[in-house]
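Please treat every number below as a calculation from the coordinates, not as lab data. Keep in mind the model is a prediction, meaning the values are calculated, not measured. Here the Cβ is made from the backbone with ideal geometry for all residues, glycine too, and neighbour counts use every protein chain on show.
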Amino acid sequence: MASFEDQMSELEKVVDQLEKGDLTLEENVTLFERGVKLSDACKAQLASAESRIQVLLDPEAGGAPRVEDLAVTVADEQDEEDADELENEYDDGRL
């Protein structure tokens, strides 16, 4: 499996290529599909990392520190807006 950083780098390249607007419809669709797969893979890796994060609870309470999983929900509004914009451009025939 590619690293998170490698997948993000490739995703950025895909977005750059799509934004140029100089590709055929088929190339745009193929790149868009690749971008969605990369985005999903990055989100999965982030979710996995989040589930491994732990937080210390009440370390000053006098007893041994306790740890429990940190429940974190990450919603990157910019990523969602970017994905929505790409989908809208595709639906409107601008891609």
* **Phi to ³J(HN,Hα) by Karplus 6.51 cos²θ - 1.76 cosθ + 1.60 over region 27-35, Hz, x for Gly, Pro** => 5, 5, 5, 4, 5, 4, 4, 4, x
* Sorted by Cβ neighbour density within 10 Å, fewest at the top, the residues 30, 24 -> 24, 30
